[in-house]
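Trainee: Questions regarding the structure given below will be posed in turn.
Just so you know, all these numbers are worked out from the coordinates, no wet-lab data involved. The shown structure was predicted, so the numbers you read here are calculated from the model rather than taken from an experiment. Every residue, glycine as well, gets a Cβ built from its backbone with ideal geometry; the counts of neighbours run over all protein chains shown.
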């Protein structure tokens, strides 16, 4: 996750992870631009990752790093533009 944040040109502020027994992990990388988070279910071969950001970060570069690190054979990417968007109101 740290390497993914760095690959996306994010500025890391803090890192928190929790290892579950007997397996699985949840973690968050707090970045100046927002955060990256991961939740894993190894017993199901599943991980959910979120990359919330503003600014000039590149979440797809983070994805490339994580996909290789997790040796993921199947994945889904969903990009959602959120926040305050420019108005088309001429006034």
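Trainee: Quick check on my filter: what residues within the range 1-29 are out of contact with any strand residue (DSSP E or B) (no Cβ under 6 Å at 6 or more places or on another chain), outside any loop (DSSP other than H, G, I, E, B), buried (at least 17 other Cβ atoms within 10 Å of the Cβ) and without any contact (Cβ under 8 Å) to a residue 60 or more places away in the chain?
Mentor: 7
Trainee: Residue under question is residue 81, and the condition is that it be assigned to a loop (DSSP other than H, G, I, E, B) and surrounded by 15 or more Cβ atoms within 10 Å (Cβ to Cβ); does it hold?
Mentor: No.
Trainee: If I ask for residues that are within 17 Å of residue 67 (Cα to Cα) and part of a strand (DSSP E or B), which ones from the range 30-50 would you list?
Mentor: 36, 37, 38, 39, 40, 41, 46, 47, 48, 49, 50
Trainee: Yes or no: the range 52-73 includes at least one residue that is in a strand (DSSP E or B) and over 11 Å from residue 4 (Cβ atoms).
Mentor: Taking every residue of the range 52-73 in turn, at least one turns out to be in a strand (DSSP E or B) and over 11 Å from residue 4 (Cβ atoms).
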